[in-house]
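Colleague: Take a look at the following structure, please.
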Amino acid sequence: TNISACITTLPAGPSNDECTGAIALAVNADNSCASVYSGSIGYATQSLGSCLSSSYDAKDVWFKFEATSSTHRIMATPVSNNDFVIEVYGGVCGGLASLACINTGGLSEPDLSLLNNLTPGSTYYVRVYERYGSALPSLQFNICLSTTTTPVNNDDCSGAQVVTLSPDVNCSTFTTVNNTGAT
């Protein structure tokens, strides 16, 4: 029997591994996500337990934002085949109160929610973690925050999305949409 063993030291966790290192998120005025933060869970540790009823670790990274209106839209989109969770808090590090636990998408789907009843000028904290407890550097996501009050641009008839007619029967031209957050 051959046995191979390796002992190594993992790299340090990300700078926003704890609430006190939260990275400030820019707030977009619409759903365009022109200002988006691209991040990774890479080597993060667990700050708090999962807000979902699961026994998986919640190896999280932290963000913060200053509310500019009473309603904000938040969305985390996985870059690869992952399932992320967003939890939003009011208060200060060391004295946080959970306001929302968001896991609206599945594997490779965005998690999206409207945050209501926010106090403009107040700071809110956001943590993101992978639902199944992994903290690999390959677990990448994009997070976007906006002041819009509609979950998706085409949630109503007035915002209908144009679908381009395909020039052939093989549908070489198509329109892809996601209804996460639609009402």
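Colleague: Given a cut-off of under 8 Å on Cα pairs at least six residues apart, what relative contact order in percent is computed for the chain?
Modeller: Values: 410 pairs, mean separation 50.1, N = 183.
RCO, the chain: 27 percent.
Colleague: While we're here: Expressed in nm to one decimal, what extension gain is obtained for the pair Tyr132 and Ser108 from 0.36 nm per residue of sequence separation less their Cα-Cα distance? Write out the running numbers ahead of the final one.
Modeller: Working: separation 24, 0.36 × 24 = 8.64 nm, distance 1.33 nm.
Length gained between Tyr132 and Ser108: 7.3 nm.
Colleague: Using only the Cα atoms, what convex hull volume per residue in Å³ does region 1-147 have?
Modeller: Working: hull volume 18.6 nm³, N = 147.
With only Cα atoms used, region 1-147 gives 127 Å³ per residue.
Colleague: Taking the Cα atoms of region 42-95, report the difference between the largest and smallest coordinate on each principal axis, in whole Å and largest first.
Modeller: 33, 29, 23
Colleague: Can you give the relative contact order of region 74-154 as a percent, counting alpha carbon pairs under 8 Å and 6+ residues apart? Provide the component values of the computation, followed by the final result.
Modeller: Details: 140 pairs, mean separation 33.2, N = 81.
RCO, region 74-154: 41 percent.
Colleague: Compute the FRET efficiency between Cys157 and Ser32 as 1/(1 + (r/R0)^6), taking r as their Cβ-Cβ distance and R0 = 35 Å, and round to the nearest 0.05. Let's see the in-between values first.
Modeller: Working: r = 20 Å, r/R0 = 0.58.
That pair, Cys157 with Ser32, gives E of 0.95.
Colleague: Calculate, for Val169 and Ile23, the FRET efficiency according to 1/(1 + (r/R0)^6) with r their C-beta to C-beta distance and R0 35 Å; round to the nearest 0.05.
Modeller: Details: r = 48 Å, r/R0 = 1.37.
The calculated FRET efficiency here is 0.15.
Colleague: Suppose R0 equals 35 Å; then what is the FRET efficiency for Ser53 and Thr9 from their Cβ-Cβ distance, rounded to the nearest 0.05? Before the final figure, lay out the partial values.
Modeller: Details: r = 34 Å, r/R0 = 0.97.
Efficiency computed from Cβ-Cβ geometry: 0.55.
Colleague: Give me a comma-separated list of calculated 3J(HN,Hα) values for region 79-89, in order, Karplus coefficients 6.51, -1.76, 1.60 applied at θ = phi - 60°, integers in Hz, x for any Gly or Pro.
Modeller: Result, ordered by residue: 7, 10, 7, 10, 10, 9, 10, 10, 10, 10, 10 Hz.
Colleague: Still on this model: Considering only the other residues whose Cβ falls under 14 Å of the Cβ of Leu48, what net charge follows from Lys and Arg at +1 and Asp and Glu at -1?
Modeller: On the way: positive: Lys59, Arg127; negative: Asp17, Glu18, Asp57, Asp60, Glu87.
Net of charged neighbours comes to -3.
Colleague: So what's the gap between the Cα centers of region 89-108 and region 15-55, to the nearest angstrom?
Modeller: That distance is 10 Å.
Colleague: When the dipole is taken about the Cα centre of the chain, and only Lys, Arg (+1) and Asp, Glu (-1) are charged at their Cβ, what size is it in debye, to the nearest 20?
Modeller: On the way: 5 positive and 14 negative charges, 48 e Å.
Magnitude of the dipole: close to 240 debye.
Colleague: Here's another thing I want to ask about it. Give me the accessible area per residue for the chain, probe 1.4 Å, as a whole number in Å². Can you show the working numbers first?
Modeller: Numbers: 10070 Å² over 183 residues.
Averaged over the residues of the chain, the accessible area is 55 Å².
The values are calculated or read from the model by the stated rules, or taken from the named source; none is laboratory data. Note that the coordinates shown come from a computational prediction; the quantities given were computed from them, not determined experimentally. Heads up, the Cβs are rebuilt from the backbone with ideal geometry, glycines too, and the neighbour counts pull from every protein chain shown. Each accessible area value is taken on the protein alone, full model and side chains, heavy atoms only, with ligands, DNA and RNA left out. Shrake-Rupley method; radii C 1.70, N 1.55, O 1.52, S 1.80 Å.
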